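Written out below as structure tokens is the structure these notes cover.
The values are calculated or read from the model by the stated rules, or taken from the named source; none is laboratory data. Just so it is clear, the structure is predicted and the values come from calculations on it, not from any experiment. Every residue, glycine among them, receives a Cβ derived from its backbone with ideal geometry; neighbour counts consider all protein chains shown.
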């Protein structure tokens with residue numbers, strides 16, 4: 001075998017491996033998504049309320065009930081119903097919300113930016129404070145600082161978020177008057193400010209409306225800090241254990257022997273190596289915040305997807321509930337798989353040889 | 001030492017730590033003693049254990065400990081009294097019910113939710129994981145794919161949807177939480193099974209003609225127990241928080257049941273003027289889930305030193 005032949009053979013094998021990995025990834029995405037749809041479909045079917053009677057009321061004559069049942073496709077075999085359900089869900093059609101009489105997808109498109117904005121700011125706060133705290137705890141292991149970080153994390157794991165949110169409102173809004181009342185923006189601005197993207201902070205900056213920006217900031221800072229605290233608890237704990245792992249490695253000893261400064265060793269070498277798993281952790285905590293926003297938004301009357309779902313729940317608006325569940329589930333699955341993929345591609349050590 | 005018997009002239013400690021145990025009982029007790037030594041060296045873990053023992057005690061003797069009825073209040077003379085009022089240590093809520101008594105009775109609900117979820121979700125995960133790991137092949141692939149699908153779901157939102165479909169109530173909340181919390185147990189059980197399935201003692205049992213079911217249930221499952229117990233304990237705090245969250249949204253326990261999350265929800269209206277109505281149940285939730293977290297950390301360090309990250 002000549003050298004070139006050997007090389008091209010190896011390249012072909014490598015590309016085949018890449019294709020196989022991509023295919024496997026696609027299978028994972030598809031099955032997970034079908035699983036999500038199957039579960040929501042199942043939930044939609046086990047409700048004790050007959051969907052036909054929910055539309056017509058229980059005094060409708062029998063033949064009308066029968067005709068509507070056919071029109072809604074509920075007389076078809078279950079697998080066909082599921083197939084239709086999947087097709088509709090994939091094209092973003094979750095039916096009509098009974099509460100708002102809009103298509104569920106229209107509603108979700110309206111409220112989702114609020115949730116994204118909140119969760120993004122929360123993750124930013126959590127990561128910007130959590131990572132340095134975790135590094136500090138790892139470097140000063142066993143010290144008072146380490147204990148404090150540990151307690152902050154433990155309390156974050158143990159405290160009910162809605163309760164902390166209520167107390168925060170009581171202290172920072174009612175007593176200290178540092179932040180604005182629940183909601184997203186003052187009524188004064190609600191009709192004068194026309195958002196473009198739906199992310200109010202970005203929109204206000206873009207339009208240079210500084211008073212609006214300040215008002216929006218005063219509204220978002222408390223719920224975002226609360227969500228940030230919860231991701232901080234998780235991020236600082238994981239950062240600490242990653243950093244402890246890195247600081248025991250031999251290359252740290254080598255760097256010390258070379259006479260590098262302690263700051264350079266910690267931030268330039270150890271944290272650099274811990275960064276890859278850390279990216280995964282931050283992505284996962286972002287997904288967690290999207291979910292955690294359900295309870296936070298309820299307390300802060302934040303007009304996002306979480307509040308939309310809970311409002312629909314209280315009004316037995318199943319289309320909206322399931323639609324919201326599928327959207328949050330999809331984003332959640334997407335972030336989960338993406339962070340997995342990121343982990344594998346960013347870190348050369350985990351790359352398939 | 002007085003505890004040493006005439007036949008075995010060694011102290012109880014020596015007997016427990018003997019490296020040549022005379023019986024299975026002695027070996028087991030010795031191991032348990034070692035674990036306890038490691039566990040009790042961690043002071044925070046002991047605090048966690050004490051908190052949970054306290055919870056069990058309060059739940060068991062709620063009727064004796066509670067000074068007032070948890071559901072019938074004194075509407076005429078005791079509405080929204082602040083903490084420290086005469087006869088009402090933690091104050092009263094809007095219906096004149098003693099908050100302390102409600103918290104004491106609510107501990108039963110919390111304990112019930114946690115125990116029920118644990119005894120539904122843990123065995124399911126254990127069996128799925130052990131069977132998948134032991135059987136291998138396509139059965140493993142299918143079971144683990146299902147597990148991964150459930151693992152990728154947002155737990156709270158899915159539990160919300162389940163409860164929305166099944167109807168609010170504490171039983172349905174338990175079912176919804178259990179449905180969403182078994183997958184990590186299956187992953188752990190499978191990982192443990194994979195490490196023992198090719199060991200000599202499994203081969204020996206197989207040679208003696210044990211059926212696969214017997215091997216899985218008698219010889220594989222016990223090996224998964226310690227890491228499973230650690231994980232379940234660590235998850236308990238999350239389960240309590242989810243249950244309280246469902247209660248807060250009005251989807252868990254229904255009034256007048258003194259569920260802590262629902263109590264916070266009902267105190268929400270008075271948060272600005274009567275802060276104690278919503279604050280007290282939150283403190284109870286915080287203490288109990290902190291207890292589970294501390295205990296779980298301690299157990300992990302004692303039972304499973306590899307995972308401790310220390």
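Search the range A:138-174 for residues being surrounded by 16 or more Cβ atoms within 10 Å (Cβ to Cβ) and farther than 24 Å from residue B:287 by Cα, and hand back the single one that is farthest from the other protein chains (Cβ to nearest Cβ).
A:139
Restricting the range A:294-329 to residues that are over 17 Å from the mean Cα position of the chain (by Cα) and outside any helix (DSSP H, G or I), which is nearest to the other protein chains (Cβ to nearest Cβ)?
Looking at residues that are over 17 Å from the mean Cα position of the chain (by Cα) and outside any helix (DSSP H, G or I), I get A:316.
Can we say residue B:154 is within 14 Å of chain A (Cβ to nearest Cβ), under 28 Å from residue A:42 (Cα atoms), modelled with pLDDT of 85 or more and surrounded by 16 or more Cβ atoms within 10 Å (Cβ to Cβ)?
It is false that residue B:154 is within 14 Å of chain A (Cβ to nearest Cβ), under 28 Å from residue A:42 (Cα atoms), modelled with pLDDT of 85 or more and surrounded by 16 or more Cβ atoms within 10 Å (Cβ to Cβ).
Residue by residue, here is whether (1) under 30 Å from residue B:69 (Cα atoms); (2) at pLDDT 85 or above; (3) within 14 Å of chain A (Cβ to nearest Cβ) holds:
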site: B:186; (1), (2), (3): no, yes, no
site: B:218; (1), (2), (3): no, yes, no
site: B:221; (1), (2), (3): no, yes, no
site: B:229; (1), (2), (3): no, yes, no
site: B:265; (1), (2), (3): yes, yes, yes
site: B:270; (1), (2), (3): yes, no, yes
site: B:285; (1), (2), (3): yes, yes, yes
site: B:289; (1), (2), (3): yes, yes, yes
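Return only the number of the condition from (1) in a helix (DSSP H, G or I); (2) within 14 Å of chain B (Cβ to nearest Cβ); (3) modelled with pLDDT under 75 that residue A:49 does not satisfy.
(1)
Which fully enclosed helices (runs of 4 or more DSSP H) of the range A:186-279 have 3 or more residues being free of Cβ contacts under 8 Å to residues at least 40 places away in the same chain and more than 30 Å from the chain's Cα centre (by Cα)?
Because the criterion is at least 3 residues that are free of Cβ contacts under 8 Å to residues at least 40 places away in the same chain and more than 30 Å from the chain's Cα centre (by Cα), the helices (runs of 4 or more DSSP H) in the range A:186-279 that meet it are A:250-258.
Conditions first: (1) surrounded by fewer than 24 Cβ atoms within 10 Å (Cβ to Cβ); (2) touching a residue at least 60 places away in the same chain (Cβ under 8 Å); (3) assigned to a helix (DSSP H, G or I); (4) within 11 Å of another protein chain (Cβ to nearest Cβ). Residue B:281 passes all but one, so which condition is the exception?
The number of the failed condition is (1).
Go through (1) in contact (Cβ under 8 Å) with a residue 40 or more places away in the chain; (2) at the interface with chain A (Cβ under 10 Å from one of its Cβ atoms); (3) assigned to a helix (DSSP H, G or I) one by one and return the number of the condition residue B:261 breaks.
Residue B:261 satisfies every listed condition except (1).
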